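Nothing in this text is a laboratory measurement; each read-out follows from the coordinates by a stated rule. Since the structure is predicted, the reported quantities are computational estimates derived from the model, not experimental observations. With ideal geometry, Cβ positions are generated from the backbone for all residues, glycine too; neighbour counts draw on all protein chains shown.
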Amino acid sequence: MTFWIIATIIALLATAPLVLVLLRARGSTADDFGNTAIELRVYKDQLVEVDRDLGRGMLTEDAAKRARLEISRRMLEADSKKDQHTTKDAALPLWAALLVGALVLGGGIWLYTVEGAPTYQDLPLKTRLAMAQEIRETRPTQAVAEENAPASPPLETPSPEHLQLLDQLRAALATRPDDLQGHTLLARNASVVGEYRDAYTAQARVIALKGDAATAEDYAALADMMILAVGGYVSPEAEAAITQSLARDAGNGTANYYAGLMFAQTGRPDMTFQLWSRLLSNSAPDDLWVAPIRGQIEAVAFAAGERYTLPPLASTASPLKGPTADDVEAAADMDAGDRTAFIQSMVDQLSARLANDGGTPDEWARLISSLGVLGDTSRARAIWSEAQVIFGPDPTALATVRAAAQSAGIAQ
């Protein structure tokens, strides 16, 4: 209601001058007194010039007389214009002026009803907070979201061999439901190839088997897989996993990022900005959540009414994935042939990435360690030789790779 009162007052103030102008008689004056005075001064100056020219002998007495008569005639003409009366056009009737004003005012109201939002309600802070809470409490569950939302694309294109090995792992776990390492391996690798529903199901089993020993990372990984399974939507079930992660480690980066995303999706950009700005200031440039936060935080700050300038980001090499020590350990209970093939698949992917894009000392060390586990010492030795060339100028980096080479038995 306050809006309409203010808008009506502004509209009336804008229309009133138009009505007053229409009611006022409009006059036109035949003589411009300012121009007449200037014209008379010119003629007087001309008379003085005539007398001056006569004294110099430049004009004869008759010529001077004729010039004075002509100038005097023009002065009389100009002076006579002062006696002309001002003429005025008749003013509009009151009803006509008010009609024009009403048309202008009504036209403005009609335009607003067509192009504006006349039924939009005031949204004080209390109302907006209540609306956000309602959105949060009534948002779709994980199961409903999975029926309607596409999953996120896989982190990498899986090879047929990799998918076959995952099927074999599922079959093995069907007879060993309490195999913690097997479920850990399934959750991690199913997520990599984009099978997120199987991944979070396996991760939930990992948490159940660990019980009270489940870590913040375990719950953050569960939330991550659930959110990826529905293309980035944070369901109530994913929020519960986030809450469990933050209860164990309030600084967990993955959980804090997804908590901010949840608030953004439920109408609380202010909470999102608080979480993300703090997380961004405490993160390394290559942390996985840094890029998505930097791509969205300025829009979030604007929606939250915050003045924010995105700080520059130091360039860093993109992280490359490969088999970790946990992957190798988790594969230990598989059949010898399946375990070797599984690790070999991950090693080949890491090796191809390092050859094409390079990587960190830790990734080179991981590749050498994995080749050592596979018993491929000749290939591990070749990778070690290449690493010495690449990291030779950096003793610290070289020491990291050397430690892996020593563990693989190919370096002193």
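Computed values, structure above
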{"quantity": "Length released on extending from Arg307 to Leu18, taking residue separation times 0.36 nm less the Cα-Cα span", "calculated": "99.9 nm"}
{"quantity": "The stretch 145-209-the stretch 54-83 distance, computed between alpha-carbon centres (Å)", "calculated": "113 Å"}
{"quantity": "Neighbour-count order for Met131, Met262, Met226, fewest beta carbons within 10 angstrom listed first", "calculated": "Met131, Met262, Met226"}
{"quantity": "Per-residue Cβ neighbour rank within 10 angstrom, fewest leading, His162, His183", "calculated": "His162, His183"}
{"quantity": "Label-point gap, in nm, between Ala250 and Thr215 - each point 7 angstrom along Cα→Cβ", "calculated": "2.1 nm"}
{"quantity": "Inter-centroid distance (Cα atoms) of the stretch 361-395 relative to the stretch 212-277, Å", "calculated": "36 Å"}
{"quantity": "Efficiency of FRET between Arg41 and Asp62 - r from beta-carbon atoms, R0 30 angstrom, step 0.05", "calculated": "0.65"}
{"quantity": "Protection proxy ranking, peptides 108-115, 395-402, average beta carbon neighbours within 10 Å, highest first", "calculated": "395-402, 108-115"}
{"quantity": "Most to least packed among 251-260, 296-305, 58-67, 192-201 [average Cβ atoms within 10 Å]", "calculated": "251-260, 192-201, 296-305, 58-67"}
{"quantity": "FRET efficiency, Arg197 to Ser385 (Cβ-Cβ, R0 45 Å, nearest 0.05)", "calculated": "0.55"}
{"quantity": "Residue exposure sequence - Tyr43, Tyr308 - by fewest surrounding Cβ within 10 Å", "calculated": "Tyr308, Tyr43"}
{"quantity": "FRET efficiency, 1/(1 + (r/R0)^6) with R0 25 Å, evaluated for Ala352 and Ala291 via beta carbons", "calculated": "0.60"}
{"quantity": "Counting all C-alpha pairs of the stretch 148-304, share separated by more than 20 Å (%)", "calculated": "53 percent"}
{"quantity": "In Hz, Karplus ³J(HN,Hα) per residue of the stretch 177-189 (6.51, -1.76, 1.60; θ = phi - 60°; x = Gly, Pro)", "calculated": "x, 9, 7, 4, 5, x, 5, 4, 5, 5, 4, 5, 7"}
